[in-house]
Each structure stands twice: as structure tokens, then as C-alpha cells.
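Single-structure report; data block below.
The values are calculated or read from the model by the stated rules, or taken from the named source; none is laboratory data. Note that the structure is a prediction, hence the values are computed from the model and not measured. Positions of Cβ are backbone-derived with ideal geometry, glycine not excepted, and every protein chain shown enters the neighbour counts. Keep in mind that these areas ignore ligands, DNA and RNA; they rest on the heavy atoms of the full protein, side chains included. Shrake-Rupley method; radii C 1.70, N 1.55, O 1.52, S 1.80 Å.
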Amino acid sequence: MPLALLALAVAAFGIGTTEFVMMGLLPNVADDLQISVPTAGYLVSAYALGVVIGAPLLTAFGARVPRKRMLLFLMALFTAGNLATAFAPGFPTLVAGRMLAGLPHGAFFGVGAVVAARLVREGRAARAVAMMFLGLTVANIVGVPAATALGQHLGWRATFLVVSAIGLVAMAALAALVPRLPLEHQGGVRHEIRALANRQVLLGLLTAVFGFAGIFAFYSYLSSMMTKVTGLAEGSVTLVLALFGIGMTLGTLIAGPLTDRAPRPTLYVALGTLGVLLTAFHFAADVTWLALVLVLLLGAVGFLITTPVQMLVMRGASEAPTLASAFNQAAFNLANAGGAWIGGVVIALGWGWTSPTLVGAVLALVGLGIALCNRGGTGSRVIARAEGESAEAESAPRERPVSAPSH
């Protein structure tokens, strides 16, 4: 695999760390700013809102900007947002900083996915995209626990200073390792927006919203389930979250080759299995060893969904995959917020701490139903070709200077 994918993974690591670390630092932020924890929770929503707003706007803005330059701009914006968060004097400016940090999230993964696919030979695009997302999953094993511990001992502002430093490292890696790819022919913003009307793209985005909402209905309340139902001590929750992160990483690793071979069957099996495992957790949550095994499996199966959905959406919008890819990231964040909200509703109704798993199972099966309706197109074309690249540009040595055939 090209070294440029390592640069994309480092950037994804920083993005994943800042996205999830606030959840563990809410009590610290609340104490420091003298606000309630529920009020501090708006900081999580502010980041998600930044993702949803920034994904289409920044991607449209960068439609005619060379890919490498756009990636550097987005990481610079990410770094500025985290610095603004670290130095925010009060809650309103902290909300603004979190929203600013979230703005480049979707656009970065949208552009990054297209770049990753263009760096490798035909038939390995999904593996390349999965390698980029690997940084996001590793963040949940290493980055988030370490950043949370740092924030608890040195103050939450120190966490976001470190994340800003990761952003600078990612910018240096992108500048050094990502080649200058020729700017392919673009039809403009209107052309990109028209590509979103493709039935395969719309159904793919809906699959992402419902399927991923299923896993987040579970994940958002995993800590409470493990302490109140499974009976683990609060000090063990960090290890449980790390176990889920290991599952995420394993799922992302196997998603690449499976998606390259059979994207639709991979997605169907992942969504169906997710529904079964979520239902099983509801009935097995009080058995410690079985609950822990299911946590690992749910992390793996949940994130096995990510790569095939991403590739199918990109291929559905084959003439303009960047905006569609960015919208897919916005869909994942809507799923994050929606799954957490629905899970909270059923708990508040008194259905029990494990009731979000049953809701999550239903959402996963709805996602499966939508995916089964989305059978149009073969999705076999290489992303670089699908973007309208000429045959001469495709064969130019500059386009894939860091790739080499592997067997």
C-alpha cells in the first residue's frame, strides 16, 4: 500500500480522537465552566452539526481545488478549530470552537476516500479507503482513552492542544507523502449536486443513516449497560470501550478486501448479523463473558458496514463521487445523533437499560431492507475513471507514483 495512505490514516486518527474524546471529558468541562453535564453535552452536538454543515459546503467549495491542496486546507481548519476549543474563554466560544473543528470532518473523508482510491491499482480501492478509516478506529483504542486520561489529569484544554499538534503532524505527513494528483475534469457544483439525485446514492445514504444508527443506539449507552446490567465496576468501562475499539479495527481491516470482492453481499451480511448480535446482547447482557464477546463482535460487525457503504455511494455518484462521499460522512453523524437519541427515549420510557439494543436491531434491519432495494449498478468502475479522467491522464506516472502491484 502507498505511504500516502499512512498520512491519511494519521489525519483520520486526529479526527477520530477529537470527535469522541469530548464524551469522556464532559464532567471536567462542566466543572471548569460551572455548567451542568447535560448542558456540556451540547458540545457533542455542536461537533456533529459542524460535520453536517461542513460536509456539503466545503466539498462544493473545493470542487475545483487540487486534491492535495484541499486536504491540507481541511487539516489546517481542523487544527484551528481544536486550538479555538483549547483557548475558548467561555461556553459560547467553546461551542463555536467545536463546531469549527467539525466543519472539515466530512469533507476530509470525502476527498480522502477519492484520493485513497486513486492511489492504488484497480480492484484494491476499497482496501485503500479502509486503510484511511483505520486511523479512525485506532483512535478509539489509543487516542480517545489516552486523550481522556490526559484531560482528566492536566485539564481538558491540554487534550485539545495535543489534538492540535496531531493536526500539524498530519499536515506535514500529507504535504510530504501525498502526490500531486491531476485535477480531473469537473462539471461544477451543480453537476455534483445532480449526482446526488442518483437512486443508488440516495438509498446508500439512507442505508448509512439507519444501519449505523443501530450500532450507535447500542454504543451510546454501552457504559451504563455494562455497569448496571452486566455488573462491571466503573473502572472497567475504559477497557470495555477499548475492546469495542479493537472490534472496530478488526471490522475495518476485513472490510477492505471483502468489499473489493463483493461489496453488496458484505453489506447485507454485516447489517443482518448486526441485527442478530444486538438482539443477542439484550438477552445475554447479564452474563459477563458473553457480554464482552458480543461487545467485540458488535464493534467488528458495526464497522464492517462503513467501507461497503462508502464505496457504493461513491460508485453510485460515479461522475462526482467527492460530494456524495462527504454526504455519506454527514449521514454517519446523523446516525450517531439519531441512534443516541432514540436509545435515550426508550430508556426514559422505562423499557430497561438494554432496550436500546432492540431498537438498534430494528434500525439495522431497516437499513438492510433499504440496502436490498438498492441493487442498481455494478459499481465495478475505478473511482479515478468514474470521475471523468482521460485515458492519457490515467496512465501518467504522476497519478499513482507511490503505488506498486502487490500479490
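Exactly one residue out of F108, F91, F78 is under 28 Å from M248 (Cα atoms) and modelled with pLDDT under 95: that is F108.
The combined condition, being polar (S, T, N, Q) and closer than 22 Å to A326 by Cα, is not fulfilled by T273. Residues in the range 91-111 that are over 22 Å from G62 (Cα atoms) and open to solvent by 10 Å² or more (accessible area, probe 1.4 Å): F91, P92, T93, V95, A96. Could you tell me how many of the residues in the range 31-48 are assigned to a helix (DSSP H, G or I), at pLDDT 85 or above and either touching a Ser or Thr at 6+ places or on another chain (Cβ under 7 Å) or open to solvent by 30 Å² or more (accessible area, probe 1.4 Å) (or both)? Adding up the residues that qualify gives 3.
Of the set (1) farther than 17 Å from G167 by Cα; (2) free of Cβ contacts under 8 Å to residues at least 24 places away in the same chain; (3) open to solvent by 10 Å² or more (accessible area, probe 1.4 Å), all apply to A88 but (3). The residues listed here are L250, L271, L239, L278; of these, the one that is in a helix (DSSP H, G or I), open to solvent by 10 Å² or more (accessible area, probe 1.4 Å) and in contact with a helix residue (DSSP H, G or I) (Cβ under 7 Å, 6 or more places away or on another chain) is L250. Any residue that is modelled with pLDDT of 95 or more, hydroxyl-bearing (S, T, Y) and closer than 19 Å to F212 by Cα - is there at least one of those in the range 277-293? Yes, the range 277-293 contains a residue that is modelled with pLDDT of 95 or more, hydroxyl-bearing (S, T, Y) and closer than 19 Å to F212 by Cα.
In this structure, G102 does not satisfy being farther than 20 Å from F13 by Cβ and of a type outside the set (A, V, I, L, M, F, W, C).
When A233, A255 are checked against the criterion of being open to solvent by less than 20 Å² (accessible area, probe 1.4 Å) and among the small types (G, A, S), a single residue qualifies: A255.
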